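Report on the following structure.
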């Protein structure tokens with residue numbers, strides 16, 4: 001079971017690099033959606049004893065991360081009439097290099113943490129830290145608002161993955177509340193993208209520096 005889990009987590013890390021290394025926004029949306037579905041399915045591998053609690057959380061996670069949010073982002077992309085991220089603050093080779101550095105440091109840092117025996121044998125913790133780093137990197141180095149939203153989603157995926165280790169200690173309503181906060185955050189960002197595009201004919205956040213009271 002742990003070997004299968006590590007295989008899924010390696011795929012999750014590969015999707016981080018896919019998101020950091022491509023300019024096509026549609027491809028990044030698909031990568032983030034695939035990552036969200038994979039992480040939701042990790043519940044079945046981390047907690048093999050299925051019950052209504054786990055199954056419900058998996059289904060809600062797949063529905064929101066794999067279908068609802070990607071559809072909202074694709075619609076925002078069409079409304080804004082954009083296809084690519086142009087001239088990010090850190091280029092794609094640089095982003096891949098920083099992503100690789102962060103992944104390596106996450107693995108190194110995890111070896112020094114006092115983890116439980118079952119958690120130390122898997123890639124859950126290093127994968128979660130590396131995913132948080134990849135999301136933060138995209139959030140801070142991309143200029144298009146929709147790419148920053150995708151960075152936020154990747155960052156949240158990392159937090160979600162780390163939270164799977166504490167699933168048995170957290171009540172169901174708290175977990176659903178986290179997913180609801182995620183949905184609300186992306187919904188608000190979609191409205192912001194629409195208004196930025198309407199006012200400036202672009203969704204580059206650089207234009208926001210021109211706003212005056």
Seminar exercise, completed: Between the modelled labels at residue 60 and residue 47 (7 Å from Cα along Cα→Cβ) the distance in nm is 1.1 nm
Seminar exercise, completed: Extension length gain for residue 109 and residue 2 (0.36 nm per residue less Cα distance), in nm, is 36.5 nm
Exercise. If you bin the C-alpha pair distances of the range 16-91 every 10 Å from 0, what whole percents do you get?
Worked result: 18, 39, 26, 13, 3
For this session: Between residue 166 and residue 71, take the C-beta separation as r, use R0 = 25 Å, and let me know the FRET efficiency to the nearest 0.05.
Result: 0.25
Problem set entry | C-alpha center-to-center spacing [the range 1-41, the range 66-140] in angstrom | 9 Å
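Read-outs: derived from the displayed coordinates by stated rules, not from any lab. Since this is a predicted model, take the numbers as computed values, not measurements. In this analysis, Cβ positions are derived from the backbone assuming ideal geometry, glycine residues included, and neighbour counts consider all displayed protein chains.
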